[in-house]
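Here's the structure, in structure tokens; my notes come after.
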Amino acid sequence: MRNALRGLLALTVLIGTLSTAGTATAVPAEAHGTTGATSTADENKDILERLLAIPGMSLVQEKPYTGYRYFVLNYTQPIDHRHPSKGTFQQRITVLHKDTSRPTVFYTGGYNVSTTPSRREPTQIVDGNQVSMEYRYFTPSRPEPADWSKLDIWQAASDQHRIFQALKPVYDKKWISTGGSKGGMTATYYERFYPRDMDGVVAYVAPNDVVNDEDSAYDRFFRQVGTKECRDRLNAVQREALVRREPLEKKYAQYAADNGYTFTTVGSLDKAYEAVVLDYVWGFWQYSLLKDCETIPADAAHASDDDIWNSVDTISGFSFYTDQGLEPYTPYYYQAGTQLGAPTIHFPYIEKKYVRYGYQAPRTFVPRSIPMKFQPSAMRDVDGWVRHNARHMLFVYGQNDPWGAERFRLGSGARDSYVFTAPGLNHGANVAGLTADEKALATARILDWAGVAPAAVQADPSAARPLARFDAKLDTRDTERDMTLRP
């Protein structure tokens with residue numbers, strides 16, 4: 001439901017890989033863009049054999065997919081990259097293998113990793129391999145017991161760095177990192193702390209909350225997004241849900257009882273109810289398009305209780321702020337409340353007597369047994385670095401996505417980097433949704449960074465097209481609807 005991050009010190013970098021027993025084994029660091037010391041004998045080995053020869057790598061499952069090999073793997077990581085002797089955990093990754101002669105895309109969504117074969121947009125564009133990483137502390141990639149102080153953006157970037165170092169001798173061509181939303185943030189933070197690893201970065205819809213207490217950009221966004229008719233419909237339903245709090249909370253209590261839902265973390269059903277309702281307008285614009293306003297009750301004041309309930313439930317989800325709904329996202333809320341920051345918006349069209357709690361801070365959604373302290377320097381550090389040091393970075397935003405109200409911007413120090421906005425799109429914005437000129441330029445730059453731009457594209461970027469054909473099953477785009485205000 002929000003976003004956050006903290007300032008970090010790059011300090012010592014762990015270059016060794018860890019065996020499954022947790023002991024450190026030195027591996028040579030690889031120069032950026034080099035091919036590594038891969039022997040002919042290694043190249044002739046089966047790809048799975050080569051992957052499993054990496055210290056700390058183990059196979060969970062192989063799944064068939066035409067034209068690829070797809071592996072679900074565990075990789076042994078230190079809990080603390082600054083003190084690797086203090087324990088390890090198993091981090092889940094997947095590998096969509098095409099050919100070691102192709103470039104590789106390094107993807108993370110910033111949450112759990114899917115174990116169903118899929119291909120992100122940059123992977124289709126460069127017709128390459130794809131390595132996907134589960135973010136630390138999302139189960140099952142969580143140490144037991146969990147030391148939550150080791151969940152920060154530098155530790156997560158160091159996870160990616162070690163995975164890259166381990167796999168670079170196998171996939172020795174160019175690498176592009178990518179991710180959407182919190183994954184786009186993750187790709188950006190990785191580049192900030194390990195700028196020599198990747199040959200390019202494609203960050204989709206990545207929020208950038210530089211000053212956590214200054215969120216006026218979101219209020220400005222909601223005053224002008226879409227059309228007045230659509231805004232009025234949404235605002236009226238949201239207000240009506242609070243006006244009818246008593247009867248709808250009775251419905252909520254029965255719904256919770258029927259499903260075994262509890263509210264210990266949030267504190268009460270009343271607080272959970274308001275949190276769901278206040279997510280409603282944001283959630284619509286994050287996941288829906290302007291044409292979807294037709295599905296919103298046109299006369300909220302005269303709509304039935306069921307119509308108001310169903311509209312809010314469809315967009316916000318009454319199950320989310322229950323203990324059972326929140327538990328999988330504890331790592332996200334912890335990061336939002338310690339480093340990433342979280343948006344606060346206001347509701348001028350709702351009388352104050354109807355709003356009891358307002359936008360609740362991330363602390364509300366994390367069990368009290370987990371200590372949290374916000375680190376305001378984290379996002380300022382990343383933002384400053386991007387503005388002055390971005391190289392080969394592409395940021396893509398959706399015009400109607402609330403998260404784009406606070407976004408990454410480029411300064412005079414940036415080189416061969418871009419920020420584009422897809423007209424009319426939401427939190428699922430991508431390169432394909434850009435204007436024709438920007439789509440061609442973005443595609444051409446991605447191909448060039450990956451080292452696979454055809455001569456025709458090098459001569460004329462407008463000729464740029466994805467190298468792989470669209471696969472309706474493999475290239476399905478899901479915008480991660482689990483949480484309305486989760487980036």
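Evaluating residue 423 against the criteria (1) open to solvent by 50 Å² or more (accessible area, probe 1.4 Å); (2) modelled with pLDDT under 95 leaves one unmet condition, (2). Scanning the stretch 78-105 for residues that are closer than 17 Å to residue 155 by Cβ and assigned to a strand (DSSP E or B) turns up 78, 88, 89, 90, 91, 92, 93.
Within the stretch 289-315, the only residue that satisfies the criterion of being open to solvent by 10 Å² or more (accessible area, probe 1.4 Å) and under 19 Å from residue 345 (Cα atoms) is 315.
For the criterion of being over 22 Å from the mean Cα position of the chain (by Cα) and either surrounded by 15 or more Cβ atoms within 10 Å (Cβ to Cβ) or modelled with pLDDT of 95 or more (or both), residue 96 fails. Of all the criteria given as (1) closer than 14 Å to residue 346 by Cα; (2) of a type in the set (A, V, I, L, M); (3) surrounded by fewer than 16 Cβ atoms within 10 Å (Cβ to Cβ), the one not satisfied by residue 275 is (3).
When the helices (runs of 4 or more DSSP H) confined to the stretch 177-260 are screened for residues that are touching a Lys or Arg at 6+ places or on another chain (Cβ under 7 Å), at pLDDT 95 or above and open to solvent by less than 20 Å² (accessible area, probe 1.4 Å), none reaches at least 3 such residues. In the set (1) open to solvent by 10 Å² or more (accessible area, probe 1.4 Å); (2) touching a residue at least 60 places away in the same chain (Cβ under 8 Å); (3) outside any helix (DSSP H, G or I), the condition left unmet by residue 165 is number (3). For the stretch 428-460, residues that are assigned to a helix (DSSP H, G or I) and open to solvent by less than 30 Å² (accessible area, probe 1.4 Å) total 10. Applying the criterion of at least 1 residues that are β-branched (Val, Ile, Thr) to the helices (runs of 4 or more DSSP H) found wholly in the stretch 270-328 leaves 280-287, 305-315.
The values are calculated or read from the model by the stated rules, or taken from the named source; none is laboratory data. This is a predicted model, so every value here is computed, not measured. All Cβ positions, glycine included, derive from the backbone under ideal geometry; neighbour counts span all protein chains shown. These accessible areas exclude ligands, DNA and RNA; they are computed on the full protein's heavy atoms, side chains included. Shrake-Rupley method; radii C 1.70, N 1.55, O 1.52, S 1.80 Å.
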